[in-house]
Amino acid sequence: GAVVSQHPSRVICKSGTSVKIECRSLDFQATTMFWYRQFPKQSLMLMATSNEGSKATYEQGVEKDKFLINHASLTLSTLTVTSAHPEDSSFYICSARGDYSSPLHFGNGTRLTVT
Amino acid sequence: DAKTTQPTSMDCAEGRAANLPCNHSTISGNEYVYWYRQIHSQGPQYIIHGLKNNETNEMASLIITEDRKSSTLILPHATLRDTAVYYCIVRPMNSGGSNYKLTFGKGTLLTVNP
């Protein structure tokens with residue numbers, strides 16, 4: 001089945017630094033990937049839609065200059081949390097799909113802790 | 001996308017069938033019903049989806065009522081590893097690009113007890 005790989009699985013960084021998270025589709029090409037964020041005991045909230053070769057589309061309330069998304073190839077999208085602060089500590093999850101009839105598949109998430 | 005309603009939590013004994021209900025009374029004719037689950041500290045896992053016919057795969061069965069206003073996910077022989085939050089989501093078919101996104105509700109926490 002379709003596999004989405006996310007890296008790193010955990011990261012701890014200091015306040016003010018930037019962190020890059022990678023999302024790869026391992027056995028299929030993904031023109032569209034989605035980035036979600038999940039706070040403790042809450043459901044997943046969509047942050048942005050990543051489109052290969054074009055600018056990402058951000059959900060209302062998500063700062064595009066803080067959460068930089070790059071989707072440079074059909075198998076890789078990256079999310080960079082810039083100037084991270086403790087309130088950015090969360091579980092970040094990406095998802096992708098292959099063709100039209102395929103369901104979305106999710107990565108295993110990245111636990112970000114900003115100290 | 002149509003809204004779904006699920007119980008907050010359910011319990012099931014190991015080895016028994018787990019039946020998870022979902023109401024989607026405002027579902028449109030072109031919307032699929034999807035089920036995902038999320039085990040603690042992992043990304044969501046796709047389980048099954050359907051439009052109007054009942055579906056079965058190696059993980060579960062999906063029973064959709066004739067009026068499509070509700071559905072039930074059935075795990076035939078629940079194990080401890082099936083303890084997770086189960087999400088029922090509806091989304092339009094044939095929606096590509098950014099319209100393919102899934103909107104997650106609160107889901108049902110299924111606890112399988114030994």
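The values are calculated or read from the model by the stated rules, or taken from the named source; none is laboratory data. Note that the coordinates shown come from a computational prediction; the quantities given were computed from them, not determined experimentally. Positions of Cβ are backbone-derived with ideal geometry, glycine not excepted, and every protein chain shown enters the neighbour counts. Ligands, DNA and RNA are stripped out before the accessible areas are found, and what is left, the full protein with its side chains, is counted by its heavy atoms. Shrake-Rupley method; radii C 1.70, N 1.55, O 1.52, S 1.80 Å.
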Query - Failed condition for A:T78, given (1) assigned to a strand (DSSP E or B); (2) open to solvent by 30 Å² or more (accessible area, probe 1.4 Å) - result: (2)
Report task. Please work out which one of (1) assigned to a loop (DSSP other than H, G, I, E, B); (2) under 14 Å from the mean Cα position of the chain (by Cα) is the condition B:S28 fails and give its number. Result -> (2)
Query raised in the report: Hey, does the range A:17-32 have a residue that's open to solvent by less than 60 Å² (accessible area, probe 1.4 Å), within 11 Å of another protein chain (Cβ to nearest Cβ) and within 16 Å of A:N108 (Cα to Cα)?
Result: yes
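So that you can scan it fast, the table gives a plain yes or no per residue for (1) within 30 Å of A:R24 (Cα to Cα); (2) in a strand (DSSP E or B):
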{"site": "B:M10", "(1), (2)": "no, yes"}
{"site": "B:H49", "(1), (2)": "yes, yes"}
{"site": "B:E58", "(1), (2)": "yes, no"}
{"site": "B:V90", "(1), (2)": "yes, yes"}
{"site": "B:L102", "(1), (2)": "yes, no"}
Report task. Search the range A:97-111 for residues being surrounded by fewer than 21 Cβ atoms within 10 Å (Cβ to Cβ) and at pLDDT 90 or above, and hand back the single one that is farthest from A:S15 (Cα to Cα). Result -> A:N108
Query raised in the report: Given (1) open to solvent by 50 Å² or more (accessible area, probe 1.4 Å); (2) within 15 Å of the chain's Cα centre (by Cα); (3) farther than 20 Å from B:I89 by Cα; (4) more than 11 Å from every other protein chain (Cβ to nearest Cβ), where does A:E52 come up short, assuming only one miss?
Result: (4)
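Say whether the condition of being open to solvent by 40 Å² or more (accessible area, probe 1.4 Å), closer than 26 Å to A:G107 by Cβ and at pLDDT 95 or above is met by at least one residue in the range B:82-89.
Within the range B:82-89, one or more residues are open to solvent by 40 Å² or more (accessible area, probe 1.4 Å), closer than 26 Å to A:G107 by Cβ and at pLDDT 95 or above.
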Query raised in the report: Which is small (G, A, S) and more than 8 Å from chain B (Cβ to nearest Cβ), of A:S90, A:S95?
Result: A:S90
Requested in this report: Show the residue pairs that are 6+ apart or on different chains and have beta-carbon atoms under 6 Å apart, the first residue being within the range A:21-33 and farther than 13 Å from A:V3 by Cβ, the second being of a type in the set (V, I, T) and assigned to a strand (DSSP E or B).
Outcome: A:I21/A:T110; A:E22/A:T78
